[in-house]
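Q: Before I ask anything, here is the structure I am working with.
The values are calculated or read from the model by the stated rules, or taken from the named source; none is laboratory data. It should be emphasised that the depicted structure is a prediction, and the values quoted were computed from it without experimental measurement. Cβ atoms come from the backbone with ideal geometry, glycine included; neighbour counts cover every protein chain shown.
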Amino acid sequence: MKLEGERTLLRLFLGESDRRDGLPLYDAIVQKARADGLAGATVLRGIVGYGANSRIHRASILRLSEDLPIVVEVVDETEKIRRFLDEIGPWIGDGLATLERVQVVLYRHQADRRGGV
């Protein structure tokens, strides 16, 4: 898949304890992105953060937080990202979604460098 050039980055800010059909919400989102043929998705786990309720969620040695901040990033063509966001938007109870224009300068798989082997 050729992805280089101007694309759109979807960034979703969620809580680690958010769920969808028994799965962690971030996992359900990644599985949906893959099923929809989007270029890729990455989940990042934060060590501290807060959202609209201003409650701080923090990783600590003394206690295991069960609701650390989670960021899901997906990059693809604007139309695909907007369609995807329309579908998963209702899944998000508490959270934030942002869109940014990005310039993709490299997107390849190891096989791409070996001539498609």
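Q: (1) at pLDDT below 90; (2) in contact with a strand residue (DSSP E or B) (Cβ under 8 Å, 6 or more places away or on another chain): which one isn't true of Gly116, the others all being true?
A: Unmet condition: (2).
Q: Residues that are aromatic (Phe, Trp, Tyr) and without any contact (Cβ under 8 Å) to a residue 60 or more places away in the chain: does the stretch 19-39 have at least one?
A: yes
Q: So in the stretch 59-86, with the set limited to residues that are under 14 Å from Phe13 (Cβ atoms) and of a type in the set (D, E, K, R), which one is modelled with the highest pLDDT?
A: Glu73
Q: Condition (residue is modelled with pLDDT under 95, over 18 Å from Ala28 (Cβ atoms), of a type in the set (S, T, N, Q) and over 15 Å from the mean Cα position of the chain (by Cα)) applied to the stretch 89-106: is it met by at least one residue?
A: No - not one qualifying residue is present in the stretch 89-106.
Q: Now for a different question. For the stretch 12-27, what are the residues that are buried (at least 17 other Cβ atoms within 10 Å of the Cβ) and hydrophobic (A, V, I, L, M, F, W, C)?
A: Leu12, Phe13, Leu14, Leu25
Q: Would you be able to tell me the number of residues in the stretch 28-58 that are surrounded by 11 or more Cβ atoms within 10 Å (Cβ to Cβ), under 16 Å from Gly93 (Cβ atoms) and either modelled with pLDDT of 95 or more or of a type in the set (Gly, Ala, Ser) (or both)?
A: The number of residues fulfilling the criteria is 3.
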